[in-house]
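**Student:** Got a structure for you, questions after.
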Amino acid sequence: MEKYEKMEKVGEGTYGKVYKARDKVTGQLVALKKTRLEIDEEGIPSTSLREVSLLQLLSNCLYIVRLLCVEYVTSKQGKSILYLVFEYLDTDLKKFIDTYRKSPNSRPLPSSIIKSFLYQLCKGITHCHSHGVIHRDLKPQNLLIDREKGILKVADLGLGRAFTIPMKSYTHEIVTLWYRAPEVLLGTTHYALGVDVWSIGCIFAEMARRQPLFPGDSEYQQLIHIFRLLGTPTEKTCPGVTSLRDWHVYPQWEPQSLADAVPHLDAQGVDLLSKMLKYDQADRISAKAALSHPYFDTLDKSQF
Ligand code: PVB
C-alpha cells in the first residue's frame, strides 16, 4: 500500500469505506475500497472473493468501473484487510442530479445527457447480463460519473449473484427500496435479469424528474407508490402475481399517466420507460433490446 498516497475519504458504500488516493509513481488517481475480510466456514472471504471475481470477469467494459489491482494487508493488530484498487471517478449520479436540483442553479438535466447516460447504463448492464450476472442493487449512488468525458460506469457489483439483499448496510444504514422491482418486494424466488431493468427505469425517470419516482420507506409503502402510478397488478396484467409469497389484498388503483410523472421526457422516452416498468417480467424490455429503442435514434452512437 506504500505505492499510494492516501487522500480524503470519499464516503461509505454499502460494503466499506472508499478513499481517494494517488499512485506515487504514475500520479494516477485511484479509489481504494477497504473491506474487512469476512471469513466463511471454509476460511474463504466469500463476499470479497465474489466481488473480485465478478469485477475481473466484467471489468473489460468501458461502462463498468475498472478494478486495477487487489492489495492484501495484515494490520499491526493482525487483522486482515483487503483493498480493492479502482480507477477514480469524480462523482456519482446522485450527486450529479443534486447539482441540477439545488437552487440557485435549479434546471432540468439536459435531455442529451439523460439519453447518453441511459444508453451507457444499458450498455453496462447488457454486458453484465450477457455474462449471467444480475447487479440487483442499481441506484444513482452506484453509478459513477466522469463529468469531463460524460462517461457513466456501473459500480458496486458485490451483490451480483449473492443470495439475499441485506436490509442494512455494514454501517447499519438503511438500504434503499426505491429501485426495487415489484416481484422482489413481493418475495419472488426466481430472480431474473428484469430486476435490473426495473431499476434502470426508476433511474431514467429520476434523471428526468430530479426526484425519485417511487420513494417508499418500507416494503409495503414501496409497493403502494408503484401501484398508485402503474395501477394495482392483477393476474391479467401480471400472471402469477397473486401467488407470490408476500402478496396481500391491496386497494385497486387504475394506471395513471406515466407522461405526467416525467414532465420533461419526450414521447419516445415515455414509451421506453413504460416498457422498462412492466409488471410482467416476460413483457419487460431487456437491457439489450432497450439499446435499439427509437428513443436512442437521435443519439450519436459513434462515441460509444
Ligand atoms: N465513489 C470505486 N470508485 C468509487 N466509489 C465511490 C467514487 C468512486 N470512484 C471509484 N467517486 C466519487 C468521488 C467524489 C464524489 C462521489 Cl459521490 C464519488 C463526490 O463527493 O461528489 N463510492 C461512493 C460511495 C463511497 C459514497 C459513491 O457510490 C471504489 C468503485
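The values are calculated or read from the model by the stated rules, or taken from the named source; none is laboratory data. Everything quoted here is computed from the prediction, not taken from an experiment. Note that we place each Cβ from the backbone using ideal geometry, even for glycine, and neighbour counts take in every protein chain shown. For accessibility, only protein heavy atoms count, side chains too; no ligands or nucleic acids. Shrake-Rupley method; radii C 1.70, N 1.55, O 1.52, S 1.80 Å.
**Student:** Taking only Cα atoms and a 10 Å spring cutoff, compute GNM fluctuations for the chain and point out the largest among 243, 111, 75.
**Tutor:** Ranking 243, 111, 75 by mean-square fluctuation puts 75 first.
**Student:** Net charge near residue 61, counting Lys/Arg +1 and Asp/Glu -1 over other residues with Cβ under 10 Å of its Cβ? Spell out each step's value before the answer.
**Tutor:** Numbers: positive: 66, 123, 153; negative: none.
With Lys, Arg at +1 and Asp, Glu at -1, the neighbours total +3.
**Student:** What residues have an amide H closer than 5 Å to that of residue 64, excluding those fewer than 5 places away on the same chain, when H is modeled at 1.01 Å from N in the peptide plane?
**Tutor:** For residue 64, the qualifying residues are 154.
**Student:** What are the ³J(HN,Hα) values, in whole Hz, obtained from phi via the Karplus relation 6.51 cos²θ - 1.76 cosθ + 1.60 with θ = phi - 60°, for each residue of the stretch 88-93 in sequence order, with x given for Gly and Pro?
**Tutor:** Karplus values, whole Hz, x for Gly and Pro: 9, 10, 8, 6, 10, 5.
**Student:** Quick one: putting +1 on the C-beta of Lys and Arg, -1 on the C-beta of Asp and Glu, what dipole do you get for the chain around its Cα centre, in Debye to the nearest 20?
**Tutor:** 740 debye
**Student:** While we're on this one: Going through the stretch 179-273, which GluC sites (Glu not before Pro) have at most 12 other Cβ atoms within 10 Å and a DSSP loop state?
**Tutor:** 235
**Student:** Could you compute the FRET efficiency for residue 81 and residue 211, with r as their C-beta to C-beta distance and R0 at 35 Å, rounded to 0.05?
**Tutor:** Efficiency at R0 = 35 Å is approximately 0.35.
**Student:** Taking +1 at the Cβ of each Lys and Arg and -1 at the Cβ of each Asp and Glu, which of 130, 154, 114 sits farthest along the dipole of the stretch 39-154 towards its positive end, judged by Cα position relative to the Cα centre?
**Tutor:** Projecting each Cα onto the dipole axis, the largest value belongs to 114.
**Student:** Of 115/236; 17/123; 9/123; 123/275; 79/139; 24/153, which pairs sit farther than 22 Å apart, going by alpha carbon to alpha carbon? Display every interim value, and only then the final one.
**Tutor:** Working: 115/236 32 Å; 17/123 27 Å; 9/123 30 Å; 123/275 17 Å; 79/139 32 Å; 24/153 25 Å.
Check vs 22 Å cut-off fails for 115/236; 17/123; 9/123; 79/139; 24/153.
**Student:** Tell me, Kirkwood radius of the chain from alpha-carbon pair distances, in Å?
**Tutor:** Computed over Cα pairs of the chain, the Kirkwood hydrodynamic radius comes out at 20.5 Å.
**Student:** Please report, as a whole percent, how much of the solvent-accessible surface of the chain comes from carbon and sulfur atoms (probe radius 1.4 Å).
**Tutor:** Working: 7880 of 15250 Å².
Within the chain, the accessible surface is 52 percent carbon and sulfur.
**Student:** Of the options 299, 263, 247, report the single residue whose Cα projects farthest towards the positive end of the charge dipole of the stretch 233-304 (beta-carbon charges: Lys, Arg +1; Asp, Glu -1).
**Tutor:** The Cα lying farthest towards the positive end belongs to 247.
**Student:** Hey, in the GNM for the chain with a 10 angstrom Cα cutoff, which one of 47, 237, 74 fluctuates hardest?
**Tutor:** Answer for the Gaussian network model of the chain: 74.
**Student:** Let's test this: bin the Cα-Cα distances of the stretch 1-117 at 10 Å from zero up to the farthest pair and state each bin's percent.
**Tutor:** 11, 35, 31, 16, 6, 1
**Student:** I'd like the accessible area for residue 189, computed on protein heavy atoms only with a 1.4 Å probe and all protein chains in place. Round to 10 Å², please.
**Tutor:** In the full protein context, residue 189 sits at about 110 Å².
**Student:** May I pose another question? Please list, in chain and number order, the residues 5+ apart from residue 92 or on another chain whose amide H is under 5 Å from its amide H, with Hs placed from the backbone.
**Tutor:** 145
**Student:** So for 103, 48, what's the accessible-area order with a 1.4 Å probe, most first?
**Tutor:** Of 103, 48, the descending order of accessible area is 103, 48.
**Student:** Still on this structure, please answer the following. On a straight-distance basis, which aspartates and glutamates could pair with residue 6 in a cross-link, Cα separation under 17 angstrom, same-chain partners fewer than 8 positions away excluded?
**Tutor:** Straight-distance partners of residue 6: 23, 71, 87, 90.
**Student:** Ok, one more. Across the stretch 185-195, in residue order, what do the Karplus-derived ³J(HN,Hα) couplings come to in whole Hz, using 6.51 cos²θ - 1.76 cosθ + 1.60 with θ = phi - 60° and x for Gly and Pro?
**Tutor:** 4, 8, x, 4, 9, 10, 5, 9, 4, x, 5
**Student:** Right, something else. How about the stretch 197-304: which trypsin sites (Lys or Arg not before Pro) there are in a DSSP loop, with at most 12 other Cβ atoms within 10 Å of their Cβ?
**Tutor:** 236, 245
**Student:** In addition: Calculate, for the chain, the solvent-accessible area per residue in square angstrom, rolling a 1.4 angstrom probe over the heavy atoms of the protein chains. Before the final figure, lay out the partial values.
**Tutor:** On the way: 15250 Å² over 304 residues.
Ligands and nucleic acids excluded, the figure is 50 Å² per residue.
**Student:** Sticking with this structure for a sec: Could you order 69, 122 by accessible surface area, starting with the largest, using a probe radius of 1.4 Å?
**Tutor:** 69, 122
**Student:** So what is the relative contact order of the chain, in percent, for Cα pairs below 8 Å that sit 6 or more residues apart?
**Tutor:** Once divided by the residue count of the chain, the mean separation gives 15 percent.
**Student:** Would you mind computing, in nm to one decimal, how far apart the modelled labels at residue 264 and residue 3 are, each placed 7 Å from Cα along Cα→Cβ?
**Tutor:** Label-label distance for residue 264 and residue 3, simple model: 4.1 nm.
**Student:** Extension gain residue 37-residue 253, at 0.36 nm per residue separation less the Cα-Cα distance, in nm?
**Tutor:** This chain segment gains 73.1 nm when fully extended.
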